[in-house]
Amino acid sequence: MTSADRAPRTARVLTGYRPEDGFMAAELDPPPAEYVWHDENAEQQDGRYGPGVGYRQWLAVDARDGAVWFGDTDWRAPQESPGSRIPGIPRRALGDGTVPGPGIMVQLLGHLSHDEQRGCTWHFFSAEELHALAERVLPAVQRLVDSIHRIGPEGELEWSAEAATAWDDIEQAATPAFDPSGELRWPRPRMTPVPAWRVEVGAFLDANPELCEPSWAVAADAELDAYADYHPTTGYGGVPGRICHLAGRHIEDGFTFYGHRAALYAYRAQASGNRTPTDARAWLETTETGKSTWEAAKPPGANLADVSDCVLIDLTDRFQNTAREHGLVLTGLDTYLRTLRAEERAGVDRQLRFEGEEVERLENLLKDFRAGRNRTVARILAWSDGRGDAEIARLASLPDEHVSQWRARLNDEQTPTPPGP
């Protein structure tokens with residue numbers, strides 16, 4: 001059981017943001033009324049709105065455990081994007097994939113109402129009103145945290161079709177309306193059924209089992225993540241888009257798919273049965289069982305660089321069989337072994353490159369020495385000091401006949417050509 005599994009997941013308003021706590025954590029600082037106005041007749045753009053118009057209040061939801069709280073931004077700060085002044089990411093900025101850590105999402109609240117009689121009116125919420133809103137959205141928040149996908153040992157969050165629908169309900173409940181008198185009217189909370197155009201990837205795979213790839217059963221986390229992260233220039237991405245592209249199939253337009261990574265992880269878990277998916281590299285390199293299995297399976301008298309694909313497949317089967325005895329299934333094993341072999345072969349390539357460069361260096365060096373030796377031999381032969389060919393050949397580390405042939409050529413070159421008739 002991971003820490004993510006043990007964490008409480010009850011939708012609740014955080015301590016410090018409730019009336020019984022005296023709202024001690026809610027330090028709201030809205031701008032004075034005289035700083036909030038709109039002058040549509042102003043000639044300059046910067047004179048059309050008062051300096052307090054950019055003030056924002058927000059509702060934050062921790063999708064990991066259901067915590068809800070609220071706050072505001074500093075209306076005196078420059079009116080750029082409030083991203084650095086809110087505790088999380090607005091839902092609309094996330095898309096429908098994995099939720100970045102730490103999984104806190106923010107709903108920015110609107111304050112502006114307008115009618116022909118009163119013109120523009122801004123209503124900034126009190127701590128009591130924001131608490132009432134937080135209480136109203138708790139059922140939708142509970143639905144969100146119960147249905148959002150949690151992936152891997154760290155419980156990474158990924159949108160599900162139901163969780164996305166639950167957030168739509170949160171957004172709807174947090175969008176205020178004002179009657180003609182300016183009185184605040186919150187929408188009635190709802191629990192909207194998941195629309196048909198929102199489709200879980202897991203359901204898509206169940207309906208199209210022939211499109212599933214058996215390799216997912218033993219793929220490493222990174223391989224599954226990379227498979228899910230498919231972004232074509234046109235058409236659908238993710239798992240459905242990729243498998244349909246490979247199979248030459250077409251998906252009708254109008255759907256949005258959710259839970260790409262979750263579906264692949266679920267496929268692997270189902271294929272593993274009661275065995276625990278375990279990273280092959282970690283098992284073989286860090287566990288005693290894995291290391292001993294590796295030592296016993298080493299190809300005799302050869303490095304991994306020298307083994308064929310057939311031997312590599314045999315090693316994969318042997319490692320998986322041993323892991324199975326311990327209730328495990330090794331993920332990423334084929335990729336791991338092929339990567340190791342590629343690394344060893346790359347090392348052999350580097351060795352050959354070094355040897356080739358060294359041979360070339362030595363051959364160039366030998367060429368220079370040979371030329372120098374030849375000049376020295378020719379010089380000594382030119383002395384004609386009575387030494388025999390064998391003695392000179394011994395000094396030059398040459399066969400006797402080479403020196404004899406050299407002397408003969410020198411004598412021929414020195415013999416004058418007789419004059420013609």
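The values are calculated or read from the model by the stated rules, or taken from the named source; none is laboratory data. Given the structure is predicted, the values throughout are model-derived calculations rather than measurements. Methodologically, a virtual Cβ is constructed for each residue, glycine included, from the backbone with ideal geometry; neighbour enumeration extends over all protein chains shown. When the accessible area is computed, the model is the full protein with side chains, heavy atoms only, and any ligands, DNA or RNA have been set aside. Shrake-Rupley method; radii C 1.70, N 1.55, O 1.52, S 1.80 Å.
Amide H contacts of F178 (H built 1.01 Å from N, in plane; Pro and chain starts excluded): R185 sit under 5 Å, all sequence-distant by 5 or more or on other chains. Measuring how big the chain is from its alpha-carbon positions, Rg and Dmax come out at 39.3, 139 Å.
Kirkwood-type hydrodynamic radius, the range 121-165: 12.5 Å, calculated from all non-identical alpha-carbon pairs. Distance between the 7 Å Cα→Cβ label points at L398 and T289: 7.3 nm. Among 306-315, 157-166, 206-215, 322-331, sorting by the average number of other beta carbon atoms lying within 10 angstrom of each residue, highest first, gives 157-166, 322-331, 306-315, 206-215.
Gain on full extension, evaluated as 0.36 nm per residue between S126 and L365 minus their Cα-Cα distance, stands at 77.2 nm.
Accessible surface computed residue by residue for the chain, with neighbouring protein chains in place and a 1.4 Å probe, gives 58 Å² per residue. Overall, the accessible surface of the chain at a probe of 1.4 angstrom is composed of carbon and sulfur to the extent of 52 percent. Taking the longest Cα principal axis of the chain as reference, the axis of helix 161-173 is set at about 40 degrees. Residues in the range 148-181, backbone N under 15 Å from the label point at D206 (7 Å along the Cα-to-beta-carbon vector): list them, ranges by number please. Those under the cut-off are 161-162. For the Cα atoms of the chain, what angle does the longest principal axis make with the long axis of helix 238-247, in degrees from 0 to 90, nearest 10? Rounded to the nearest ten degrees, it is 50.
Quotient of the Cα radius of gyration of the range 235-321 and 2.2 N^0.38 Å, N being its number of residues: 1.59.
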